[in-house]
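As structure tokens, the structure follows; a few thoughts come after it.
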Amino acid sequence: MTTPLVEMKNVSIAFGGVQAVDNCSIELHAGEVVGLLGHNGAGKSTLIKMLSGAYKMDSGEIHINGEKATIHSPRDARDYNIETIYQTLALADNLDAASNLFLGRELTTALGFVDDDRMEAETRKIMARLNPNFRKLKEPVSALSGGQRQSVAIARAVYFNAKILIMDEPTAALGVHETAMVAELIHELKKQGLGIFLISHDTREMMELCDRVAVMKNGQMVGTERVEDVTEDDILSMIILGKNPREAA
Amino acid sequence: MSDQSATAPKTPKRGFLATLEIDTRLLGMIGAFVLIAVIFNVLTEGRFLTPRNIFNLTIQTASVAIMATGMVFVIVTRHIDLSVGAILAACSAIMAMTQVRWLPGMGLEIGHWAIPWIAILAGIVVGGAIGAFNGWLIGYLSIPAFIVTLGGFLIWRNVGWYTTSGQTIGPLDKTFMTFGGINGTLGGQLSWALGIVCIIAAVALIFNARRVKVAHDFPVKPLWAEVTMAGVAAAAIAGFIAILTNYSVPERVVARDPSRYGCEVAEGCTPVYGLPISVLLLLAIAVAMTIIARRTRFGRYIFATGGNPDAAELSGINTRMLTVKIFALIGVLCAISAVVASSRLANHSNDLGTLDELRVIAAAVIGGTALSGGIGTIYGAILGALIMQSLQSGMAMVGVDAPLQNIVVGAVLVFAVLIDIIYRKRLGAK
């Protein structure tokens, strides 16, 4: 088998006395979508935030392309071409779409000033691809609809040539039509060879979008299965009971 | 991901003001200022809007307005700084001691050309260091800004007091005092030269921005709107200079030192004051701070952090270091204000800048800076400072009792924020 794009090995983190993620391991290959399932508080978001640099793990290792990676901050993660679309979208509501898209990575002029015009032009280009109806470029993102805000967050991840994409509940706030667009985008990015971690509560959606699903409960990894090997009921019992039915059998 | 605006007509009908793309809030504040000026002008039978009073208003506003530009950044990032008046006093004490005691004590003669500049440098270093220290306590040790600067409010003024042993230090250096207003003005010719340069710069900026937009195929305002804006800007600058150059130096003042005003004898010579250096300093700082706010990463991160601190951090912004920089910046501005404030009075006294923290915060807030973070403008804060100062001096001219003056200023502050909240609700923003 080829070297995995991402390999998280025996990762743990605790907050106060709570072991939020306990000795979990997970792999992600190029061109693969891996879904993370589990109840609220199972540790999915926490696990993924250690990869995106938002949290610093207590123990364990992360390997990117087979090499050991040190990720202590979101900036480190970006250096490894890891981009994240957070559940909260992580947008500065008072700024416009272009400022948000380039936040922390502004394009600058020769004199070192931020180049708003060039950033706006780039934003127009990528938005034309992702969401052709997007026109409110001059307004703060607080004035946008949920779908539009989501597309700004997605554009931010896609624009910078991510190799590893983390999507934390990307469709939670979206309507049917918009959800379909996100699904289409995931397929397209997968074809381009990106590795995608997807977090969601919607088991059916995950069965359609993912190649493999990993189930977590109480901070521990219950198991990882290829979607064609399991039924939706198997997954549900893993989520609820915390046991892999195939192992039990 | 559908979009309602997709169904909207491509070129919706827009009003006159919308086409000009003028901030309605700015317009409202200018309106409020004009209203105050006109009312006081009527009440004082025309004394409020004389060149002399407008000149005085600008120099009285300068010190608070300089600090208010820095307060915008502090409040935008959801912090507060209650210690600006105290930092001003500490910096003023250091600068006064440097020029009157320490440097002469080290052998530099009083009146030596280097003394004022060393003193100013010392003040700026001290102000920046105090601010950076505050910022470090807030950013890295996570002590709330309110507490750190409330402590600083007590600490720094008394550091100044301790430094001077409570004495009034003066007279200050002659060159130093040119930053104080009436002792340092550009005169007629230089003021007009500067005004013309500013007009050319403003017109060039407006049309350069248009050219860049056209180059990127962005929508632009109609040409008549750009021309109107350029005309308004030019007229405003010219009008301002015209007023200030209409204030002539009284003959008895010229008589004291005719050569200073370019006269051989006082009689028959009517020089004008023109633009005060302190106001020039304020304008330069306003331009620099506006560029920082709009055109630098530092400014972008300030507004992003104010809008959503978590998002800023997840975008890789070092919000702790940002806090240190913001407070260091306001510390430096306090030192510059200290130059203006102490040189206006010709000496340093320990109560310099008392209650300035409240005036500065009020100026920023009246100028539309939201305490919830993320929103605020530099020009707004300066206009806010000007409105406060106009109210205060107008009431003094009319002869309103001191307690009533403060009551009115306090009420105006609360009322201004109420208007702001209503305005924002109308807009549908937070």
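The values are calculated or read from the model by the stated rules, or taken from the named source; none is laboratory data. Predicted, not measured: the structure shown is a model, and the values here were computed from it. Here Cβ is always computed from backbone atoms with ideal geometry, including for glycine, and neighbour counts include all displayed protein chains.
Among B:320, B:300, B:294, which is the only one that is closer than 29 Å to residue B:157 by Cα, basic (Lys, Arg) and within 14 Å of chain A (Cβ to nearest Cβ)? Quick ask: steps written out before the conclusion?
On the way: B:300 fails: closer than 29 Å to residue B:157 by Cα; B:294 fails: closer than 29 Å to residue B:157 by Cα.
Residue meeting the stated conditions: B:320.
Just the residues that are among the hydrophobic types (A, V, I, L, M, F, W, C) and modelled with pLDDT under 90, please, taken from the stretch A:128-143. Break it down stepwise before answering.
Start the filter on the stretch A:128-143 by keeping residues that are among the hydrophobic types (A, V, I, L, M, F, W, C), which leaves A:128, A:130, A:134, A:137, A:141, A:143.
Within the stretch A:128-143, A:128, A:130, A:134, A:137, A:143 qualify.
Taking the stretch B:324-341 as the range and being surrounded by fewer than 24 Cβ atoms within 10 Å (Cβ to Cβ) and of a type outside the set (A, V, I, L, M, F, W, C) as the test, only B:325 passes. Restricting attention to the stretch A:74-97, the residues that are more than 23 Å from residue B:78 (Cα to Cα) and without any contact (Cβ under 8 Å) to a residue 40 or more places away in the chain add up to 4. You will find that of A:21, A:11, the residue that is among the β-branched types (Val, Ile, Thr), under 19 Å from residue A:223 (Cα atoms), in contact with a Cys (Cβ under 7 Å, 6 or more places away or on another chain) and not in a loop (DSSP other than H, G, I, E, B) is A:11 and no other.
Let's see how each residue does on (1) at pLDDT 85 or above; (2) surrounded by 14 or more Cβ atoms within 10 Å (Cβ to Cβ); (3) over 24 Å from residue A:120 (Cβ atoms):
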{"position": "B:191", "(1), (2), (3)": "yes, yes, yes"}
{"position": "B:195", "(1), (2), (3)": "yes, yes, yes"}
{"position": "B:202", "(1), (2), (3)": "yes, yes, no"}
{"position": "B:205", "(1), (2), (3)": "yes, no, no"}
{"position": "B:208", "(1), (2), (3)": "yes, no, no"}
{"position": "B:215", "(1), (2), (3)": "yes, no, no"}
{"position": "B:221", "(1), (2), (3)": "no, yes, no"}
{"position": "B:226", "(1), (2), (3)": "yes, yes, no"}
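Does the stretch A:100-119 hold any residues that are facing another protein chain (nearest Cβ under 7 Å) and either in contact with an Asp or Glu (Cβ under 9 Å, 6 or more places away or on another chain) or of a type in the set (Asp, Glu) (or both), and which are they? Don't jump to the end; show me each part of the working.
Narrowing the stretch A:100-119 to residues facing another protein chain (nearest Cβ under 7 Å): A:103-104, A:106, A:113-114, A:117.
Matches in the stretch A:100-119: A:106, A:114, A:117.
Go through the stretch B:155-169 and give me each residue that's over 18 Å from residue B:346 (Cα atoms) and over 24 Å from the mean Cα position of the chain (by Cα). Talk me through it step by step, then tell me what you get.
Going residue by residue through the stretch B:155-169, those that are over 18 Å from residue B:346 (Cα atoms) are B:155-159, B:162-163, B:165.
Of everything in the stretch B:155-169, those that are over 18 Å from residue B:346 (Cα atoms) and over 24 Å from the mean Cα position of the chain (by Cα) turn out to be B:155, B:158, B:159, B:162, B:163, B:165.
Whether any residue in the stretch A:25-45 is within 12 Å of chain B (Cβ to nearest Cβ), out of contact with any Cys (no Cβ under 7 Å at 6 or more places or on another chain) and part of a strand (DSSP E or B) is what I want to check. The answer is no, given that none of the residues of the stretch A:25-45 is within 12 Å of chain B (Cβ to nearest Cβ), out of contact with any Cys (no Cβ under 7 Å at 6 or more places or on another chain) and part of a strand (DSSP E or B).
Under the condition of being assigned to a loop (DSSP other than H, G, I, E, B) and within 9 Å of chain B (Cβ to nearest Cβ), which residue from the stretch A:139-186 is farthest from residue A:201 (Cα to Cα)? So the residue we want is A:144.
Filtering A:54, A:90 for residues that are buried (at least 22 other Cβ atoms within 10 Å of the Cβ), within 14 Å of chain B (Cβ to nearest Cβ) and at pLDDT below 95 leaves a single hit, A:90. Residue pairs whose Cβ atoms lie under 8 Å apart, separated by 6 or more positions or on different chains, with the first residue in the stretch B:346-358 and closer than 13 Å to residue B:159 by Cβ and the second among the hydrophobic types (A, V, I, L, M, F, W, C), are B:350/B:89; B:350/B:93; B:350/B:161.
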